[in-house]
Amino acid sequence: MVEKLVFTPILKEMTEYIINELKPVQLFHYEGVDIRELDSFELEGEKGYCRIFKTDKVEKISVSSMNFFGKMTADVMIITPAADYDIPYFVMDWDESEGHVFFIADLMPSDDPGRNSLYLTNYLYTPLENLYQTYCEIPGLKNSVFHWVRAIHSPYIITGTIEKTSRKNVDLLCNCAKDYLKAWVALYNETKPHDPNSPYMQLVHERRKTIREYYRQNDPGAGPLKKFLGKEKAEKAIAVIEP
């Protein structure tokens, strides 16, 4: 009998952390759509879920886990700020198979850090510079990010594919994800609201609109989801998962 793969429980650990820190509540309707069927489902005999949580200062905390044939898991957490806050998104993508892990951890900026030097300093450089220097050279991490991802993420993104030849290097990815999430929570605790109709926040909203469009037009996971879940259920899942 073939031994079943055991995947890294990084998403479970991070979800428990964010629930303890932010005390969010789970939503079963999002943008007028009933998403209860996504709370728990089977994907070719394997358990999966796409869930949304809500708390102060954020539009949604998206947490999804999909297991494909017991051979690969795709775990994602994205935290989308509310309309009157300019803090970055938190993004973590962990795609694991028997031989490798594809990974993204970042605080994706809500404003253009090339235009707004204060945003770069306060929301990216100060919380992430030391962490980036710690994790940017994880041995064996091979950059494999799409160009459209590089265009909208921060200079502090840690991403790539790593062969699972060393447990130590996989553990470094886990630590990176957790440390970036803790950095985001620290920003969350300190952030103050802005007038959503102000000229500044209009720029933020325009950038967020572009980010959402980039994800929905280019996300390579959209096709497989429609194949495995069906068009209607997949479209609900994509709306839950993406920023």
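Laboratory data are not the source of any read-out in this text; all were calculated from the coordinates shown. Given the structure is predicted, the values throughout are model-derived calculations rather than measurements. No Cβ is skipped: glycine too gets one built from the backbone with ideal geometry, and neighbour counts run over all protein chains shown.
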**Q.** Cα lying deepest toward the dipole's positive end in the range 10-241, options 169, 94, 27, charges on Cβ
**A.** 94
Q: Within 10 Å of each residue's Cβ, count the other Cβ atoms and sort 79, 162 from fewest upward.
A: 162, 79
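If you place +1 on the Cβ of every Lys and Arg and -1 on the Cβ of every Asp and Glu, how big does the dipole about the Cα centre of the chain come out, in debye to the nearest 20?
Working: 29 positive and 36 negative charges, 40 e Å.
That gives the chain a dipole magnitude of about 200 debye.
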Q: Select from 33, 63, 149 the residue whose mean-square fluctuation is largest in a Gaussian network model of the chain (Cα-Cα springs shorter than 10 Å).
A: 33
(Q) Give me log10 I(q)/I(0) at q = 0.18 Å⁻¹ for the range 1-91, Debye formula, one equal scatterer per alpha-carbon, no solvent. (A) -0.86
Q: Positive end of the charge dipole of the chain (Lys, Arg +1 and Asp, Glu -1 on Cβ, about the Cα centre): tell me which of 122, 154, 241 has its Cα farthest that way.
A: 241
Q | Among 151, 82, 105: highest mean-square fluctuation, GNM of the chain, C-alpha pairs under 10 Å | A | 151
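Can you pull out the GluC sites (Glu not before Pro) in the range 122-194 that DSSP calls coil and that have at most 12 other Cβ atoms within 10 Å?
On the way: sites: 129, 137, 163, 190; in loops: 137.
Here the sparse-neighbourhood loop sites are 137.
Would you mind calculating the relative contact order of the chain from Cα pairs under 8 angstrom and at least 6 residues apart, reporting the percent as a whole number? The partial results should precede the final answer.
On the way: 389 pairs, mean separation 44.1, N = 243.
For the chain, the relative contact order is 18 percent.
Kirkwood hydrodynamic radius, the range 10-241, all distinct C-alpha pairs: what's the number in Å? Provide the component values of the computation, followed by the final result.
Numbers: mean 1/r = 0.0548 Å⁻¹.
For the range 10-241, the Kirkwood estimate is 18.3 Å.
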Q. Can you tell which of 51, 207, 167 shows the greatest fluctuation in a Gaussian network model of the chain with Cα springs below 10 Å?
A. 167
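What does the charge dipole of the range 1-69 about its Cα centre add up to, to the nearest 20 debye, if the Cβ of each Lys and Arg holds +1 and the Cβ of each Asp and Glu holds -1?
200
Using every Cα-Cα pair within the range 80-155, state what percent have a distance larger than 18 Å. Don't jump to the answer; show the numbers that get you there.
Details: 1371 of 2850 pairs.
Percentage above 18 Å: 48.
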Q | Within the range 69-133: Cβ-based charge dipole about Cα centre, in debye rounded to nearest 20 (Lys, Arg +1; Asp, Glu -1) | A | 60
Q. To the nearest 500 deg cm²/dmol, what mean residue ellipticity at 222 nm is calculated for the chain from DSSP H runs of n ≥ 4 alone, each contributing -39,500 (n - 2.57), summed and divided by the residues?
A. -12000 deg cm²/dmol
Q) Restricting attention to the range 60-110, which chymotrypsin sites (Phe, Trp or Tyr not before Pro) occupy a DSSP loop and are surrounded by at most 14 other Cβ atoms within 10 Å? A) 69
**Q.** All lysines inside 20 Å of residue 60 as judged from Cα atoms, apart from same-chain residues fewer than 8 positions distant
**A.** 12, 23, 178, 182, 192, 209, 233, 236
